[in-house]
Amino acid sequence: MLKVGLTGGIGAGKSEVSRLLVECGAVLIDADRIAREVVAPGTPGLAAVVEAFGEDILTADGSLDRPRLGSIVFADPDKLAVLNSIVHPLVGARSRELETTAPDDAVVVHDVPLLAENGLAPLYDLVIVVDASPATQLDRLVRLRGMTEEDARARMAAQAPREKRLEVADIVIDNDVPLEQLKQRVRDVWEELVRRAHRSQE
């Protein structure tokens, strides 16, 4: 099994790269999706978040009001740290559980938005960073996700600087390119991952 950490700044296009890797044959473990699962209604995770932040972060049906919570934590590093201290251990445990179900010869891609921020690079055999310029990130967040420029800049500022992400990269995928070029780059990277996975089996 080859364990790959995939990360990138918000708006860099990491989700598109993970989708393309799955098309190639990767087993994807998506930290964002798991982060939603561990705070679903009725979970101990949600109970812990409500205890820390109060009932106001719930919607009328008792689920987590993610935009409201986001507006609280992204404006306050201390509150973000509290949220992370609740959610990250739960996500880590669930990720390890899912990893054990993958075939021995699999290329397992862990899609981890905050890999650089949380010093997680040593957990993986190699790290792929999806990179785009800050101008591209900002444009995508405003144009494609409908964020205000202020909100987009706050989200970007809450993440590690671009340089810190690139420091932990074994492979960089440049996503300031047209989709066809991105697809070719991902196919090339996939061939490299498969070679490494086979070597690790020898």
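The values are calculated or read from the model by the stated rules, or taken from the named source; none is laboratory data. This is a predicted model, so every value here is computed, not measured. Ideal geometry is used to build each Cβ from the backbone, glycine not excepted, and the neighbour counts take in all protein chains shown. Protein only, heavy atoms only, side chains kept; ligands, DNA and RNA dropped before computing areas. Shrake-Rupley method; radii C 1.70, N 1.55, O 1.52, S 1.80 Å.
Observations on the structure shown:
- Among the residues listed as ALA135, ALA160, the single one being hydrophobic (A, V, I, L, M, F, W, C) and at pLDDT below 90: ALA160
- VAL112, sole failed condition from (1) over 30 Å from HIS198 (Cα atoms); (2) open to solvent by less than 40 Å² (accessible area, probe 1.4 Å); (3) not basic (Lys, Arg): (1)
- Residues (of a type outside the set (A, V, I, L, M), under 20 Å from the mean Cα position of the chain (by Cα) and open to solvent by less than 50 Å² (accessible area, probe 1.4 Å)) located in region 66-99: GLY70, ASN84, GLY92, SER95, GLU99
- Residue within region 12-25 that is over 19 Å from LEU98 (Cβ atoms), touching a residue at least 60 places away in the same chain (Cβ under 8 Å) and either charged (D, E, K, R) or in contact with a Pro (Cβ under 8 Å, 6 or more places away or on another chain) (or both) present: yes
Condition check ((1) assigned to a loop (DSSP other than H, G, I, E, B); (2) touching a residue at least 40 places away in the same chain (Cβ under 8 Å)) across all residues:
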site	(1), (2)
VAL109	no, yes
LEU114	yes, yes
GLU117	yes, yes
PRO122	no, no
GLN137	no, yes
ALA154	no, yes
ARG187	no, yes
HIS198	no, yes
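- Answer from ALA132, ALA102, ALA106 - the residue that is open to solvent by less than 70 Å² (accessible area, probe 1.4 Å) and either within 15 Å of VAL17 (Cβ to Cβ) or under 16 Å from the mean Cα position of the chain (by Cα) (or both): ALA132
- Tally of residues being open to solvent by 50 Å² or more (accessible area, probe 1.4 Å), more than 15 Å from LYS14 (Cβ to Cβ) and assigned to a helix (DSSP H, G or I) across region 28-51: 5
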